[in-house]
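Undergrad: Let me begin by handing over the structure; questions about it come next.
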Ligand code: LLP
């Protein structure tokens, strides 16, 4: 990770020494690199050079306001999944016309809110939702721009919890029903059909599922347009993986899109407006979480390295058995053998582990960096065990700025009411 690298055995975030940030701001501490975010974005931008394309950052991956500002200022739109995320885009000054609204369970209130804000498109996930959205729009004397999320039924070969484009999960409409549902959408007074979309899953590291999905979607584009319904854009979703370890070797965004665009061109759709909804691939490797070793607890079967970050800060290992590299913040000048530890947090659950069987050369008081923590960490953080959420910093060159203050215990129970 070029933006989080060692200099003389000290881990740096861009040009700032991580241990100094931890000394100032405390731990657990998320540190993001603005340059890493922009360089991940640049790979997509290179891939789309000369094309009519809109990148809508899937902000669920990391919805901190300053992170949204980085992408808004780089001309990104946003893929949102709730009224709350829409308010975040507004708070960060994002362009509402470049907002698309995904999700299987939009409420009427959220539809109203998004219509009033003038978002670019609703990615509708069911026939029932089409009817409700049309009703809401008619009542507001508006027409809702819609695209329908189709389910290409390809296996993204990722974790079952984050694969979404297969039959038998709750997302999108079935490929074989799509044409009929498009015809229904086109007949509804409150809707204006503008596009088609799909999203097959997350942390995808292979090209083939994408190529297959593109073929399936383009088959539908042909059928829908043959039925007289014009589709102004194709939204190809997100899902491109990142390298959490040397075992994950996803393609670069520009290389992936070179292949996908070749397919679009070959089938005569090269001139269509393209949209994508990447989340993890824009921010995942642009963040780390610094944590302090509280205790070492040797045991007969396992040695535990107990750190001050936990599943409430870094939920991915507990939820998906996900792997995050864990490295020392200040590394010994001479390599030692190290000891094998399970790296665990203070939360009262056996599922509260961050890394298993990691070889570490550590003592209590040392700091560790949990890598690839820019996506789906802070945005999924909770207050379980009444742990305040961590602080966040955004680094740009030699400048580190606090973008989220550490939550206090009082923050965590704000809004709770005592009995009389
Ligand atoms: N578009 C839609 C409709 C989505 O559902 C998602 C993610 C994205 C775009 C962005 O996908 P990405 O480019 O980030 O893969 N919490 C899980 C990942 C859940 C993904 C949910 N949907 C994790 O930590 O691995």
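Undergrad: Collect the residues in the stretch 252-297 that are buried (at least 24 other Cβ atoms within 10 Å of the Cβ) and more than 23 Å from residue 63 (Cα to Cα), keeping them in residue-number order.
TA: 257
Undergrad: Right, here's the next one. Here is a check on your reading of the model: is residue 42 within 16 Å of the ligand (Cβ to nearest atom), modelled with pLDDT of 95 or more and more than 23 Å from residue 369 (Cα to Cα)?
TA: Spelling it out, it is not the case that residue 42 is within 16 Å of the ligand (Cβ to nearest atom), modelled with pLDDT of 95 or more and more than 23 Å from residue 369 (Cα to Cα).
Undergrad: Filter the stretch 179-202 down to the residues that are over 17 Å from residue 135 (Cβ atoms) and away from the ligand (no atom under 16 Å from the Cβ), then identify the one that is nearest to the chain's Cα centre (by Cα).
TA: 194
Undergrad: What do you reckon, is residue 67 touching a helix residue (DSSP H, G or I) at 6+ places or on another chain (Cβ under 7 Å), within 12 Å of the ligand (Cβ to nearest atom) and within 23 Å of residue 381 (Cβ to Cβ)?
TA: no
Undergrad: Okay, next question. Hey, can you tell me all the residues within the stretch 311-327 that are buried (at least 18 other Cβ atoms within 10 Å of the Cβ) and away from the ligand (no atom under 16 Å from the Cβ)?
TA: 326
Undergrad: Let me ask you something else. Please note which strands (runs of 3 or more DSSP E) are completely contained in the stretch 187-298 and include at least 1 residues that are closer than 30 Å to residue 28 by Cα.
TA: Correct list: 287-297.
Undergrad: Got a sec? Which of 77, 83, 105 is farther than 14 Å from residue 58 by Cβ, away from the ligand (no atom under 12 Å from the Cβ) and in contact with a helix residue (DSSP H, G or I) (Cβ under 8 Å, 6 or more places away or on another chain)?
TA: 83
Undergrad: Out of the residues in the stretch 1-11 that are crowded, with 18+ Cβ neighbours inside 10 Å and under 24 Å from the mean Cα position of the chain (by Cα), state the one that is nearest to residue 333 (Cα to Cα).
TA: 4
Undergrad: Looking at (1) within 16 Å of the ligand (Cβ to nearest atom); (2) within 26 Å of residue 17 (Cα to Cα), which one does residue 293 not meet, given that it meets all the others?
TA: Checking residue 293 against (1) within 16 Å of the ligand (Cβ to nearest atom); (2) within 26 Å of residue 17 (Cα to Cα), the one that fails is (1).
Undergrad: Checking residue 49 against (1) part of a helix (DSSP H, G or I); (2) out of contact with any helix residue (DSSP H, G or I) (no Cβ under 8 Å at 6 or more places or on another chain), which single condition isn't satisfied?
TA: Against the list (1) part of a helix (DSSP H, G or I); (2) out of contact with any helix residue (DSSP H, G or I) (no Cβ under 8 Å at 6 or more places or on another chain), residue 49 comes up short only on (1).
Undergrad: Can you give me the number of residues within the stretch 72-84 that are surrounded by 17 or more Cβ atoms within 10 Å (Cβ to Cβ) and more than 13 Å from the chain's Cα centre (by Cα)?
TA: 5
Undergrad: Another question, if that's okay. Restricting to the stretch 17-51, what's the tally of residues that are farther than 21 Å from residue 64 by Cα, in the same structural domain as residue 65 (by TED's automatic domain parsing) and touching a residue at least 60 places away in the same chain (Cβ under 8 Å)?
TA: Number satisfying all stated conditions: 6.
Table: residues versus (1) closer than 24 Å to residue 281 by Cα; (2) assigned by TED's automatic domain parsing to the domain that holds residue 233; (3) at pLDDT 95 or above; (4) not in a helix (DSSP H, G or I).
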| residue | (1), (2), (3), (4) |
| --- | --- |
| 72 | yes, yes, yes, no |
| 85 | yes, yes, yes, no |
| 97 | yes, yes, yes, no |
| 130 | no, yes, yes, no |
| 134 | no, yes, yes, no |
| 137 | no, yes, yes, no |
| 145 | no, yes, yes, yes |
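Undergrad: Residue 260: within 14 Å of the ligand (Cβ to nearest atom) and under 30 Å from residue 373 (Cβ atoms), yes or no?
TA: Considered against the rule, which asks whether it is within 14 Å of the ligand (Cβ to nearest atom) and under 30 Å from residue 373 (Cβ atoms), residue 260 comes out as no.
Undergrad: Additional query: Do you know which of the residues in the stretch 166-178 that are part of a loop (DSSP other than H, G, I, E, B) and either at pLDDT 95 or above or more than 10 Å from the ligand (Cβ to nearest atom) (or both) is surrounded by the most Cβ atoms within 10 Å (Cβ to Cβ)?
TA: Looking at the filtered set, the residue picked out is 166.
Undergrad: With the structure loaded, tell me whether residue 67 is assigned to a helix (DSSP H, G or I) and touching a residue at least 40 places away in the same chain (Cβ under 8 Å) or whether it fails that test.
TA: yes
The values are calculated or read from the model by the stated rules, or taken from the named source; none is laboratory data. This is a predicted model, so every value here is computed, not measured. In this analysis, Cβ positions are derived from the backbone assuming ideal geometry, glycine residues included, and neighbour counts consider all displayed protein chains.
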